[in-house]
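Notes follow the structure.
The values are calculated or read from the model by the stated rules, or taken from the named source; none is laboratory data. Here the structure is a predicted model, which means the values were calculated and not measured. Surface areas here come from the heavy atoms of the whole protein model, side chains and all, with no ligands, DNA or RNA. Shrake-Rupley method; radii C 1.70, N 1.55, O 1.52, S 1.80 Å.
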Amino acid sequence: MSKQPLSTLEPLDTALPTKQDTPTLRQRVHSAELFGKAREIVIEHAGEEYHLRLTRQGKLILTK
């Protein structure tokens, strides 16, 4: 079994005009790599903690 990279970059939709002439890149991370065996992870952003939870139905809930 080969391991895939933690994240990849891909261009965003360029249909809307932007300040740049080049497409903006976004990072793609697979949720299984973030969660591992956990059902909840803590994300620190701008000095605040956010909780990303995986529900029994496989959906994601982000709370502050």
Query raised in the report: Tell me, what HN-Hα J-couplings in whole Hz come from the Karplus equation 6.51 cos²θ - 1.76 cosθ + 1.60 at θ = phi - 60° for each residue of the range 33-49, using x for Gly and Pro?
Result: 6, 6, 7, x, 9, 7, 9, 8, 10, 10, 10, 9, 9, 6, x, 10, 9
Query raised in the report: Going from most exposed to least, what order do Lys59, Lys64, Lys37 have by accessible area with a 1.4 Å probe?
Result: Lys37, Lys64, Lys59
